[in-house]
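Encoded as structure tokens, the structure appears first; notes follow it.
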Amino acid sequence: MKILGLAGAVFHDAAAALVIDGEVIAAAEEERFTRDKHAKGQFPLHAARWCLEYAGIDPQALDAIAFPYAPISIASAARWHYAKRYWYAPDRALDALFHGNRRFYRNKTRALQLLTDLGGNPDRTVFIPVEHHLAHASSAYHLSPFDQQEKVAILSIDGKGEYATTFFGYSENGKIIKLKEFYDPDSLGGLYSAITEYLGFEMLDGEFKVMGMAPYGDPNKYDLTRLLECRDGQLKVNTKLVNTVGFRRYKERGKGYYFSPALIAWLGKRREGDEIDEPYIHYAASVQQLLETTVLELVNYYLGDIIRETGKLCFAGGVALNVKLNQRLLELPDLQQLFVPPAANDAGTALGAATYAAYQAGDTVKPLQHAYLGPEFSNEDCIAACESHPQRPIWQQCRNSITSAVDILTAGNPLAWFQGRMEFGPRALGGRSILGDPSQTGIADKINLQIKYREKWRPFCPSMLDSIAPDILQSQHPAPYMTITFPVAQAWKTRIPEVVHADGTARAQVVTAATNPRYYALLQALEAKTGQGVLLNTSLNRRGEPMVCSPTDALNMFYSCDLQYLLMQDILVTK
Ligand SMILES: [Fe+2]
């Protein structure tokens with residue numbers, strides 16, 4: 001089966017993925033092509049076109065379009081729960097009951113139009129809707145390294161799909177079995193995003209900042225537990241404070257927020273600015289703790305038996321990008337292995353819908369080998385981009401680009417590193433990265449100064465050789481996608497201080513020779529010169545912009561910041 005998965009069902013993170021006979025061939029976010037962060041309100045036309053071109057597939061030959069958004073029956077508890085909990089906003093409540101699939105039909109029309117725009121044939125290609133959380137679940141489970149014959153616990157948590165916000169399930173011979181769902185407005189992702197807005201950050205990116213701010217605060221200084229009720233396996237969010245709509249919303253300068261004036265009356269005015277300040281750092285710490293304890297309690301309630309039996313958990317949905325929560329999950333005594341895919345957010349539902357449809361059609365879905373699923377460019381492409389760039393770049397072709405890169409890094413410079421296929425998912429994994437040598441004191445400040453794109457208190461993360469990762473992280477657990485934090489061994493904290501967070505942890509990427517040979521070679525060469533195969537790795541973009549995709553994007557970014565070195569494949573550009 002040739003299946004094209006499309007994300008963009010919930011107005012952000014549009015993406016496309018191509019799965020052929022159960023194998024992931026290509027996947028990319030729409031924002032990387034249009035240069036419009038999160039591609040809000042967009043459908044993934046550019047990403048889909050690129051996926052098909054990359055694979056050499058005629059759009060007319062597609063067997064199916066898989067879409068991570070499905071119609072929900074009026075007989076489902078979801079719509080009735082929604083209507084009951086939104087009684088204070090009767091227009092919404094009635095809409096859920098009488099026109100509860102309006103958004104689905106709108107999405108379907110847009111998806112079929114996209115197929116037509118690609119040059120496809122809607123009469124030949126089947127449209128397969130997949131429930132949003134089943135798509136998240138499939139992106140975690142079907143692509144996991146786990147044997148499909150064994151039972152595995154499955155968890156998905158996000159803001160909201162159709163109506164569901166949280167999914168607990170397990171696998172049985174490759175099939176995903178649903179155990180329990182919670183529905184809007186009882187959303188942990190929604191609650192975290194509402195507090196993100198209150199703390200002065202934007203939804204979709206700000207959640208990482210709240211998580212990064214949390215270690216600076218005391219989670220017990222302010223009690224935020226009244227934001228939700230969680231007991232006996234039930235979850236109820238306090239919509240008088242957060243996850244609010246309509247007249248309950250707090251409004252400021254004409255903009256409505258997902259929290260209420262009652263929250264402001266309780267906690268004080270909404271935070272503004274780039275500094276970490278009181279009392280907000282303590283609120284960040286408290287909401288992070290509330291998320292962790294609630295998820296752990298619910299996981300224990302619904303999945304505890306399965307985890308005790310199998311020791312394995314797959315986790316996706318936007319909340320699965322909360323790396324601190326993932327660390328807490330992995331610390332559960334019975335959990336041996338946790339798999340969080342690189343695109344656990346909504347972009348990953350393109351892949352999840354496609355793998356779910358592939359499984360349903362009888363294909364054997366092959367485990368994900370790496371996250372390098374996007375476009376790649378040759379030296380000739382990079383030279384052509386330099387030649388046609390208005391800034392007239394000074395470039396040279398390196399005889400040994402690894403040696404050149406190590407020389408630049410060990411001289412204390414940040415290096416923009418562009419090589420191979422672009423990563424799928426929000427984390428730079430050595431395809432489109434800004435790198436630094438973390439043994440150089442002040443390298444983090446230098447990157448902040450040259451790029452000026454992030455709050456200075458936010459931590460940077462390390463990529464490291466698989467040979468030394470167990471020593472640094474005190475764990476043999478795989479960490480290919482920067483989706484989990486680990487406590488850093490005492491002896492290493494002073495060796496790589498620039499990539500250790502305030503709480504002594506690091507969101508690590510463990511690099512293997514098989515998945516990224518060139519990046520691995522760089523780490524090995526750095527180890528040979530400095531004694532440690534660790535790099536500071538942050539994404540190649542400026543604040544508020546999507547990660548770089550093409551050589552021209554890289555050059556545009558390079559000339560709009562103070563970075564001095566850009567290495568694209570073997571082409572070194574300097575200022
Ligand atoms: Fe989602």
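The values are calculated or read from the model by the stated rules, or taken from the named source; none is laboratory data. Small disclaimer: the values here were computed from a predicted structure and weren't measured. In this analysis, Cβ positions are derived from the backbone assuming ideal geometry, glycine residues included, and neighbour counts consider all displayed protein chains.
Worth pointing out:
- Scanning the stretch 58-81 for any residue that is assigned to a strand (DSSP E or B), within 16 Å of the ligand (Cβ to nearest atom) and modelled with pLDDT of 95 or more turns up at least one such residue.
- Long-range neighbours under 7 Å by Cβ, at least six apart or interchain, first residue within 16 Å of the ligand (Cβ to nearest atom) within the stretch 124-140, second of a type in the set (A, V, I, L, M) and modelled with pLDDT under 95: His132/Ala9
- Condition met for Ala48 (buried (at least 22 other Cβ atoms within 10 Å of the Cβ) and out of contact with any helix residue (DSSP H, G or I) (no Cβ under 8 Å at 6 or more places or on another chain)): no
- So Asp471, is it acidic (Asp, Glu), modelled with pLDDT of 95 or more and closer than 30 Å to Ala15 by Cα: no
- Residue in the stretch 187-197 that is within 18 Å of Gly352 (Cβ to Cβ), of a type in the set (Gly, Ala, Ser), more than 16 Å from the ligand (Cβ to nearest atom) and in contact with a Lys or Arg (Cβ under 9 Å, 6 or more places away or on another chain) present: no
- One residue stands out among those in the stretch 1-57 that are closer than 12 Å to Ala354 by Cα and in a loop (DSSP other than H, G, I, E, B): the one that is farthest from the ligand (Cβ to nearest atom), which is Asp21.
Rundown of residues vs (1) of a type in the set (Lys, Arg); (2) buried (at least 16 other Cβ atoms within 10 Å of the Cβ); (3) in contact with a strand residue (DSSP E or B) (Cβ under 7 Å, 6 or more places away or on another chain); (4) more than 27 Å from Asp503 (Cβ to Cβ), yes/no style:
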| site | (1), (2), (3), (4) |
| --- | --- |
| Trp417 | no, yes, yes, yes |
| Phe424 | no, yes, yes, yes |
| Pro470 | no, no, no, no |
| Gln474 | no, no, yes, no |
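- Candidates Gln396, Gln360, Gln440 - the one that is among the polar types (S, T, N, Q) and surrounded by 18 or more Cβ atoms within 10 Å (Cβ to Cβ): Gln440
- From Leu204, Leu155, residue being buried (at least 22 other Cβ atoms within 10 Å of the Cβ), among the aliphatic types (A, V, I, L, M) and within 15 Å of the ligand (Cβ to nearest atom): Leu155
- The residues on offer are Ala83, Ala140, Ala75, and the sole one that is crowded, with 20+ Cβ neighbours inside 10 Å and closer than 30 Å to Asn238 by Cβ is Ala140.
- Residue match in the stretch 170-180 (condition: within 13 Å of the ligand (Cβ to nearest atom) and either surrounded by fewer than 23 Cβ atoms within 10 Å (Cβ to Cβ) or part of a strand (DSSP E or B) (or both)): no
- If you go through the stretch 505-531 and keep only what is within 20 Å of Asp445 (Cβ to Cβ) and either touching a Lys or Arg at 6+ places or on another chain (Cβ under 8 Å) or part of a strand (DSSP E or B) (or both), you end up with Ala506, Arg507.
- Highlighted here are the helices (runs of 4 or more DSSP H) found entirely within the stretch 313-428 that include at least 2 residues which are β-branched (Val, Ile, Thr): 348-360, 401-410.
- Summed over the stretch 307-334, residues that are more than 12 Å from the ligand (Cβ to nearest atom), touching a helix residue (DSSP H, G or I) at 6+ places or on another chain (Cβ under 8 Å) and either hydroxyl-bearing (Ser, Thr, Tyr) or over 16 Å from Gly169 (Cβ atoms) (or both) total 8.
- Lone unmet requirement of (1) crowded, with 19+ Cβ neighbours inside 10 Å; (2) within 16 Å of the ligand (Cβ to nearest atom) for Phe146: (2)
- Among the residues of the stretch 504-552, those that are farther than 26 Å from Val340 by Cβ and of a type in the set (S, T, N, Q) comprise Gln524, Thr530, Gln532, Ser550, Thr552.
- Members of the stretch 556-575 that are of a type in the set (A, V, I, L, M) and under 25 Å from the mean Cα position of the chain (by Cα): Met557, Met568
Okay, residues lined up against (1) closer than 30 Å to Leu373 by Cβ; (2) crowded, with 17+ Cβ neighbours inside 10 Å; (3) of a type in the set (S, T, N, Q):
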{"residue": "Lys493", "(1), (2), (3)": "no, no, no"}
{"residue": "Pro497", "(1), (2), (3)": "no, no, no"}
{"residue": "Ala506", "(1), (2), (3)": "yes, yes, no"}
{"residue": "Val510", "(1), (2), (3)": "yes, yes, no"}
{"residue": "Ala521", "(1), (2), (3)": "yes, no, no"}
{"residue": "Thr530", "(1), (2), (3)": "no, yes, yes"}
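- Tabulated pairs, the stretch 368-387, first farther than 21 Å from Ala28 by Cβ, second in a loop (DSSP other than H, G, I, E, B), C-beta under 8 angstrom, 6+ apart or interchain: Asn379/Gln569; Asn379/Asp570; Cys386/Pro393
- Residues of the stretch 265-287 satisfying the condition of being outside any loop (DSSP other than H, G, I, E, B) and in contact (Cβ under 8 Å) with a residue 40 or more places away in the chain: Leu267, Tyr280, Ile281, His282, Tyr283, Ala284, Ala285, Ser286, Val287
- Among the residues of the stretch 9-23, those identified as surrounded by 24 or more Cβ atoms within 10 Å (Cβ to Cβ) and at negative phi are Ala9, Ala14, Ala15, Ala16, Ala17, Leu18, Val19.
- Single match in Lys221, Lys236 (criterion: part of a strand (DSSP E or B), in contact (Cβ under 8 Å) with a residue 40 or more places away in the chain and surrounded by fewer than 20 Cβ atoms within 10 Å (Cβ to Cβ)): Lys236
- Flag if Tyr163 is within 16 Å of the ligand (Cβ to nearest atom), more than 25 Å from Ile3 (Cα to Cα) and among the hydroxyl-bearing types (Ser, Thr, Tyr): yes
- Residue ID - surrounded by the fewest Cβ atoms within 10 Å (Cβ to Cβ), chosen from residues in the stretch 335-355 that are within 16 Å of the ligand (Cβ to nearest atom) and polar (S, T, N, Q): Asn345
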